[in-house]
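Just so it is clear, none of the values below were taken in a lab; they were calculated from the coordinates. Quick caveat, the model's predicted, so the values are computed rather than measured. Note that each Cβ is placed from the backbone with ideal geometry, even for glycine, and that neighbours are counted across all protein chains shown.
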Amino acid sequence: MFLDKLKKLKSYKTETTPCKVKLSSNENPFDLPEELKEKIAEEIKKIPFQRYPDPNVSELREILANLYNVKESNLVFGNGSDELIQLLIMTIGNIKNPVAYPIPTFPMYQVSSDTIGREKVEFQLDENFDLQKNEIDKALEKSPDLVFYASPNNPTGNSFNRELIKYTADNNVFVVVDEAYIDFSDKESFLDEALNRDNLVILRTMSKIGLASIRLGVLIAKEEVATEINKGRLPFNITYPTQIIAKVVLTEGLPVIKEQIEILKKEREKLINELKNFDGIKVYPSDANFILIKTPNGDLVHKKLIEKGVLVRNMSHIPKMENCLRVSIGKPEENEIFLEALKKVLEENF
Ligand SMILES: Cc1ncc(COP(=O)(O)O)c(C=O)c1O
C-alpha cells in the first residue's frame, strides 16, 4: 500500500537504442576540443574529493552572473533544469492548487507534478503550436498557482506569443519561462521580465549548448524571489566536478561553443530547406536545436531509420503529434546521413 501512488506513475522515457547517428536528445553533437578537456582534467585532479562542494557555487555564480549581465543574487542553481522544475513544483504556491502548462510540451512538468501529487491543468496549443488566449483563460479558471511555458517549446520547436505569456503573468499566477533552447533562437528572452516581476522566472540550461553530461541548470529571478526559491534547494546539489568543469568551459570555451551554435543554426535552416522538398514530409519552423517533422507513418519511419543507423525521437504517441518525429540537429555529416536515410525509407516504404 505504501507503493500504490508510485505504481500509478510513469517515469520519463528517453530513446536508448544504440545507433551510429544519435539525433534523439537535443544535445550539442560536438564534443569539447581536446585542449579544453586537458585543462579540465588538470583542474579535476586538484579537487579534494573528500570535501563537499561549495554550497553557494560562488565562483561559477560570478561567471554566470557576468555572462547573463545580472547580479549573483539573481541566480539559483539546479542539477539540470529538471531539478529546478521539480523545486518550483514543490515550493511555489499552494501544493493543493494545480500546475498548468500547454500541451504538447516538455514532459517533466507533468512527471514532477504527478510525483509530487499536484493537480495538473493541461491546455491546448493552436494548429501552429502557439498559445491561444481562450485556452489560457479556461486554464486560469481552474486557479493554478504555477504555469510553465517552454519557449522555444519542446517538442514543437516554436517560440510562444510573448504577449500571451505576459498576459498570463498579469493574472496572479507564477509563470516559469523555460528557455532551455533560447541560445538557438533569435527571439527576445524573458530575462528583463524576470528581473522586474515578482511572479515570473526564467530557466536556462547548459545541457543544450554542450554540457549535458555535467547537469547544470540555472533559474534567473528578481533577488527577493531567487532568495526565497533558493531556500528549497538541496545544499550540495551542484557537484564539485560540475562546478569545476563549468568554470573552465564558460571562461575558456565560450568562443568554441558560440561557433558550434552558429553552425547548428545554419544546419537547422539547411535541413528545413532540404526537407521541404521531400514528398510526404511536413516540416515545422524551429527556434531550437531540433526540428519536428510529420511523416506518412511515424512508427514505421522511426523503426526504419534505426535500421539505417539513425536514432530520432518518436513523438507519434503523443496527442496532436500523430506520425511526428523530433530530429535533433547533428553535425553536418550526421545530418547528411539522416537525410539520405530518410529519403531511402520514404522510397522503400511509401
Ligand atoms: C524545455 C526543456 N526544459 C528543460 C529540459 C531539461 O534540461 P536539463 O538537462 O537542464 O535538465 C529540457 C530537456 O530536454 C527541455 O527540453
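Points worth noting:
- For the chain, built as a Gaussian network whose Cα springs stay under 10 Å, the top-fluctuating residue of 329, 272, 318: 318
- Residue pairs exceeding 24 angstrom between C-alpha atoms, taken from 22/294; 7/96; 13/270; 276/320; 187/270: 13/270.
- Modelled FRET efficiency - R0 45 Å, residue 307 with residue 227, Cβ distances, 0.05 increments: 0.30
- Euclidean distance of C-alpha centroids, the stretch 1-53 and the stretch 105-163, integer Å: 27 Å
- The chain: C-alpha gyration tensor shape, a/c 1.5 cut-off, then a/b vs b/c: oblate
- Bridge orientation summary for the stretch 105-234: considering DSSP beta bridges with both residues in this region, about 30 percent are antiparallel.
- The stretch 51-252: equivalent-ellipsoid semi-axes (sqrt of 5 x gyration tensor eigenvalues, Cα, Å): 28, 18, 15
- Given charges at Cβ of Lys, Arg, Asp, Glu: the stretch 146-244 dipole, positive-most of 174, 196, 213: 213
- Only Cα pairs under 8 Å and 6+ residues apart enter the sum, and on that basis the relative contact order of the stretch 51-252 stands at 28 percent.
- Label-to-label distance, residue 192 versus residue 11, with points set 7 angstrom from Cα along the beta-carbon direction: 4.4 nm.
- Estimated FRET transfer efficiency (residue 340, residue 43; beta-carbon r; R0 41 Å; 0.05): 0.50
- Taking 0.36 nm per residue of sequence separation and removing the Cα-Cα distance, the residue 135/residue 71 pair yields an extension gain of 19.5 nm.
- Label point of residue 259 set 7 angstrom out along Cα-Cβ; within the stretch 185-213, amide nitrogens under 16 Å from it belong to 210.
- Proxy reagent accessibility, fewest Cβ within 10 Å first, across 306, 202: 306, 202
- Ignoring lysines fewer than eight residues from residue 222 along the same chain, the ones with Cα atoms less than 17 angstrom from its Cα are 71, 166, 231.
- Taking the chain and dividing mean pair separation by its residue count, relative contact order in percent (alpha carbons under 8 Å, at least six apart): 23 percent
- Label-to-label distance, residue 90 versus residue 234, with points set 7 angstrom from Cα along the beta-carbon direction: 0.8 nm.
- Whichever aspartates and glutamates have a C-alpha closer than 14 Å to that of residue 10, once near sequence neighbours (fewer than 8 apart) are set aside: 114
- Among 154, 234, 124 - extreme Cα towards positive end, dipole of the chain, charges at beta-carbon: 234
- Farthest positive-ward along the chain dipole, Cα basis, beta-carbon charges - from 85, 306, 58: 306
- Rounded to 5, percent antiparallel among DSSP beta bridges of the chain: 45 percent
- Lys, Arg +1 and Asp, Glu -1 on Cβ, resulting dipole of the chain about Cα centre, debye, nearest 20: 940 debye
- Residue list for the stretch 242-272, given a label point 7 angstrom along the Cα-to-Cβ vector of residue 34 and an amide N cut-off under 19 Å: 253, 256-257
- Within the stretch 51-252: Cβ-based charge dipole about Cα centre, in debye rounded to nearest 20 (Lys, Arg +1; Asp, Glu -1): 560 debye
- Gaussian network model of the chain, Cα within-10 Å springs - most flexible of 87, 60, 254: 254
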